[in-house]
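Engineer: My questions all concern the structure below.
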Amino acid sequence: MKTKMSIPLIATLTAAMFMAAGCASSRVENTMPSTQTQVNLNHANYKVIKAGAEGRSYGFRFLLGIIPITAPSTAAAREDLYRNVGQPVNGKSVALVNVVEDRSTTWLLLFSIPKVVVTGDVVEFAGENNGQTQPVQPAVP
């Protein structure tokens, strides 16, 4: 037995399908890395703990990105980066070098998801006394 679908039902299903699919676009913003201290990395006074460590922070904006619900932060992304290193770094002379911060936003129909990604190499400084870890004083220009 064949049934006919009514035109309003087809229109409603089509509209629901388009609303569920939405559309998305993404924009990436790169910022230059900043240097807070200056240390010498030109001789074997450090070892790489993790190369290419990455941390992420997400936010959420509603109603075409106009109403912010939560915002991503660089501090949360760095915290995530150190958590992803795979070993504890508290109490060690570690630094984040070759830092790159990427900001991007994914736009969907009614909301957007901003994202901050911090990428860098985590290095541990070693003193000159048999490879034991010692704090390194920053060079004063």
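Only the coordinates and a few stated rules stand behind these numbers; no lab work does. Since the model is a prediction, treat every value here as computed from it, not as a measurement. Backbone-built Cβ (ideal geometry, glycine too); neighbour counts: all protein chains shown.
Engineer: To the nearest 0.05, what FRET efficiency results for TYR58 and LEU13 with a Förster distance of 35 Å applied to their C-beta separation?
Structural biologist: Calculated transfer efficiency: 0.60.
Engineer: Under a 5 Å amide H to amide H cut-off, with H placed in plane at 1.01 Å, what residues pair with LEU108 once short-range neighbours are removed?
Structural biologist: ILE113
Engineer: Inverting the mean 1/r over all pairs of different Cα atoms, compute the Kirkwood radius of region 40-93 and quote it in Å.
Structural biologist: Values: mean 1/r = 0.0726 Å⁻¹.
Kirkwood hydrodynamic radius for region 40-93: 13.8 Å.
Engineer: Taking θ as phi - 60°, what are the ³J(HN,Hα) couplings along region 72-83 by the Karplus curve (6.51, -1.76, 1.60), each to the nearest whole Hz, with x for Gly and Pro?
Structural biologist: Result, rounded to whole Hz: x, 10, 5, 4, 5, 5, 5, 4, 5, 4, 5, 5.
Engineer: How large is ³J(HN,Hα) for each residue in region 61-71, as worked out from phi by the Karplus curve 6.51 cos²θ - 1.76 cosθ + 1.60 (θ = phi - 60°), to whole Hz, x for Gly and Pro?
Structural biologist: 10, 10, 6, 6, x, 7, 9, x, 9, 9, 10
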